[in-house]
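Structure record follows, encoded as structure tokens.
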Amino acid sequence: MPAPDLETIVSLAKRRGFVFPSAEIYGGFANAYDYGPLGVELKRNIREAWWRSMVQERDDVVGLDAALITNPLVWVGSGHVANFTDPLVDCKRCQRRFRADHLEEGAYGEVPRDSNGNPLCPYDGGELTEPRQFNMMFRTQVGPVADEANMAYLPPETAQGIFVNFVNVQQAMRRKLPFGIAQTRVSFRNEITPGRFIFRTLEFEQMEMEYFCMPPRDRDNPTEYLALHRQWVEERLRWYIEVIGIAPERLRLRDHDRDELSHYSAATTDIEYLFPWGWGELEGIAARTDFDLSSHAKLSGQPLTYFDEETGQHVVPWVIEPAAGLTRTLAVVLLDAYSEEPDEKGEKRVVLKFKPRLAPIKVAVLPLSKNDALRPTARRVYDMLRPLWMTQYDETQSIGRRYRRQDEIGTPCCVTIDFQTVGEDGQPGDDCVTIRDRDTQEQVRVPISGLVAALEERVPRC
Ligand code: GAP
């Protein structure tokens with residue numbers, strides 16, 4: 001079962017150190033969250049799983065890490081200054097502000113409507129103003145003087161750093177089409193719709209890849225290009241199911257209608273997840289054509305082309321873009337891994353059933369009690385495992401409570417050191433420890449000398 005509601009996950013995430021409301025001591029800040037010790041590990045593991053699938057295991061994709069704050073003309077060339085806008089409406093009574101499309105999409109639940117069916121304020125039923133366009137990019141200044149000449153933008157997506165580096169990467173790495181450039185990085189958007197935890201935040205991390213291919217022979221009927229788009233859609237869906245472990249029945253594909261396509265896209269398919277409030281976007285796979293390279297070439301006066309040796313022609317590549325949200329995936333992983341089931345005694349236990357690769361803590365070392373006789377061996381085991389896996393040591397409270405705590409943070413293996421391990425009453429110990437499996441709760445005894453090999457069968461080293 002997934003989490004029954006969002007509040008369950010928000011509360012667990014805070015209690016166990018995954019995600020905290022930002023600046024809580026000052027009353028928090030809308031749409032801003034901080035990632036705690038377990039949250040950063042989970043985020044790192046999702047990012048690494050993406051990088052492994054998209055870069056390391058492929059021979060046609062390379063990585064990039066472009067500057068966040070860069071020449072503002074990048075955002076003129078990309079079309080974001082002119083087009084990255086959303087329709088805003090204000091309540092004439094309470095002055096609250098909403099995104100008109102979010103009111104329609106159900107972000108505020110069922111909204112009241114006037115006699116013509118137009119939405120009214122979800123808080124007090126007040127009349128709303130006509131929508132006006134609002135640019136979602138944050139502005140900042142470079143240097144001490146806050147004038148237009150020193151103005152810069154915080155990036156609303158990672159993609160543009162890739163486009164403006166297309167020729168650099170292609171030439172430095174001597175790449176032939178098709179090939180991709182991947183990047184994971186923070187992005188910023190001036191989001192005004194509150195709530196729903198880390199689903200929609202002011203700053204968030206993205207994992208994006210631009211896959212450059214030969215332009216189609218027939219621009220109006222790009223059959224092969226659209227087939228490549230479909231291949232990437234299938235590959236990305238496979239990643240969420242097989243690598244990240246999301247239940248397939250809570251994932252679906254949704255093709256964008258013509259009127260919702262972004263300003264750069266010929267076709268877009270979203271991978272959606274069934275959130276507690278309904279279906280919502282997890283990743284968009286866009287067929288961006290040659291829009292970005294052509295626009296930047298036009299504005300900069302620099303050719304952003306590829307020399308096709310076969311035809312002896314310079315061509316502008318077309319692009320497929322799988323664009324995933326890292327922090328949004330983290331929310332989905334928490335929701336989807338949540339499970340409530342009976343423990344060894346038949347009492348309720350909460351388990352985060354992460355894929356072992358994603359688990360923030362891979363192994364917990366738990367001496368049976370705080371007894372001084374157990375500690376040296378337990379510390380020796382802890383020191384042995386720590387360089388190999390994210391490992392936690394815990395000797396407080398009863399062993400049952402400690403198992404519950406590890407289940408609730410999704411630790412795949414607990415290693416217990418008891419009196420049989422170290423010996424008692426003058427009898428020698430067997431130097432064996434118990435491995436307890438998070439999902440089956442089965443326990444097996446293994447010699448300490450074989451512990452690393454036994455754990456390696458259960459959890460990948462990372
Ligand atoms: N370069 C294309 C692009 O940025 P997008 O659909 O706007 O496309 C891609 O964003 C993904 O980034 C989304 O599917 C979502 O997972 C994530 N994302 C977008 N805005 C977000 C926000 N405000 N907070 C958290 N994640 C967000």
*Do you know the relative contact order of the chain, to the nearest whole percent, from alpha carbon pairs under 8 angstrom that are 6+ apart?*
13 percent
*Helix 223-238 versus the longest principal axis of the chain: what angle, 0 to 90°, nearest 10, using Cα atoms?*
20 degrees
*Leu73/Ala227 FRET efficiency (R0 35 Å; Cβ-Cβ; nearest 0.05)*: 0.50
*So if we plug the beta-carbon distance of Glu408 and Glu127 into 1/(1 + (r/R0)^6) with R0 = 56 Å, what FRET efficiency do we get, rounded to 0.05?*
0.75
_Euclidean distance of C-alpha centroids, region 41-94 and region 386-462, integer Å_ = 41 Å
*asked:* Using DSSP to call loops (not H, G, I, E or B), can you name the GluC sites (Glu not before Pro) in region 225-331 whose Cβ has at most 13 other Cβ atoms within 10 angstrom?
replied: Glu309, Glu310
_In region 77-115, GluC sites (Glu not before Pro) in a DSSP loop with at most 11 other beta-carbon atoms within 10 Å_ = Glu110
*Full-extension gain in nm, Phe419 to Ala82, via 0.36 nm per residue minus C-alpha separation*: 114.3 nm
*Within 10 Å of each residue's Cβ, count the other Cβ atoms and sort Glu347, Glu208, Glu203 from fewest upward.*
Glu347, Glu203, Glu208
*Would you calculate the separation in nanometres between label points at Gln302 and Phe29, each defined as 7 Å from the Cα along the Cα-to-beta-carbon direction?*
3.3 nm
*For region 362-379, list residues with backbone N below 14 Å from a point placed 7 Å from the Cα of Gln443 toward its Cβ?*
366-369
_Test of understanding: ordering Phe20, Phe163 by Cβ neighbours within 10 Å, fewest first, what list do you get?_
Phe20, Phe163
*Work out how far the C-alpha atoms of the chain reach from end to end along every principal axis, then list the three figures in whole Å, largest first.*
84, 65, 49
*asked:* Ignoring everything except DSSP H segments at least 4 long, calculate the 222 nm mean residue ellipticity for the chain; use -39,500 (n - 2.57) per segment, divide by total residues, nearest 500.
replied: -7500 deg cm²/dmol
*asked:* Using amide H atoms built in the peptide plane, which far-off residues or other-chain residues are under 5 Å from Arg96 H to H?
replied: Cys91
*Which ³J(HN,Hα) values in Hz, rounded to whole numbers, follow from the phi angles of region 209-216 under the Karplus curve 6.51 cos²θ - 1.76 cosθ + 1.60, where θ = phi - 60° and Gly and Pro get x?*
9, 9, 9, 8, 9, 5, x, x
*How many angstrom separate the Cα center of region 171-185 from the Cα center of region 292-320?*
14 Å
_Just to be sure I understand the model, the point goes 7 Å from the Cα along the line to the Cβ. What's the resulting Arg258 to Phe134 distance in nm?_
3.1 nm
*Within straight cross-link reach of Lys298, meaning Cα distance under 14 Å, which aspartates and glutamates are found once same-chain residues fewer than 8 apart are removed?*
Asp290
*Can you tell which of Cys91, Val74, Gly109 lies farthest toward the positive end of the dipole of region 66-173, using +1 and -1 charges on the Cβ of basic and acidic side chains (Lys, Arg; Asp, Glu)?*
Val74
*Pull up all non-local amide H partners of Val61: gap of 5 or more, or a different chain, and H-to-H distance under 5 Å with H placed in the peptide plane.*
Gly180
*For Ser22, list long-range residues whose amide hydrogen, built 1.01 Å from N in the peptide plane, is under 5 Å from its own amide hydrogen.*
Phe29, Ala32, Tyr33, Asp34
*For the Cα atoms of the chain, what angle does the longest principal axis make with the long axis of helix 291-300, in degrees from 0 to 90, nearest 10?*
60 degrees
*Tell me, what HN-Hα J-couplings in whole Hz come from the Karplus equation 6.51 cos²θ - 1.76 cosθ + 1.60 at θ = phi - 60° for each residue of region 96-109, using x for Gly and Pro?*
5, 10, 9, 7, 4, 5, 6, 4, 6, 7, x, 4, 10, x
*Helix 6-15 axis, angle to the chain major axis (alpha carbon atoms, nearest 10°)*: 60 degrees
*asked:* Out of all DSSP beta bridges in the chain, what portion is antiparallel? Express it as a percent rounded to 5.
replied: 85 percent
*Got a sec to turn the phi values of region 387-395 into Karplus ³J(HN,Hα) couplings, 6.51 cos²θ - 1.76 cosθ + 1.60 with θ = phi - 60°, whole Hz, x for Gly and Pro?*
x, 9, 9, 5, 10, 10, 10, 8, 10
*What Kirkwood hydrodynamic radius do you get for region 364-462 when you take the inverse of the mean 1/r over all pairs of distinct Cα atoms, in Å?*
13.5 Å
_Cα-based Rg / Dmax (Å) for region 5-75_ = 17.1, 48
*Can you list the equivalent-ellipsoid semi-axes of region 5-152, largest first and in whole Å, using the square root of 5 times each Cα gyration tensor eigenvalue?*
34, 27, 19
*Find the relative contact order for region 110-265 and round it to a whole percent, using C-alpha pairs within less than 8 Å whose residues are 6+ positions apart.*
14 percent
*Please state the relative contact order of region 148-192 as a whole percent: Cα pairs under 8 Å, 6+ residues apart?*
59 percent
*For region 68-200, with only Lys/Arg (+1) and Asp/Glu (-1) charged at the beta-carbon, what is the dipole magnitude about the Cα centre, in debye rounded to 20?*
660 debye
*Roughly how many nanometres apart are two label points built 7 Å out from the Cα toward the Cβ at Arg458 and Gln141?*
5.8 nm
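Every read-out reported here was derived from the displayed coordinates using simple, explicitly stated rules and does not represent laboratory data. On a predicted model such as this, the values are computed, not experimentally measured, just so you know. Please note: Cβ atoms are built from the backbone with ideal geometry, for glycine as well, and neighbour counts cover all protein chains shown.
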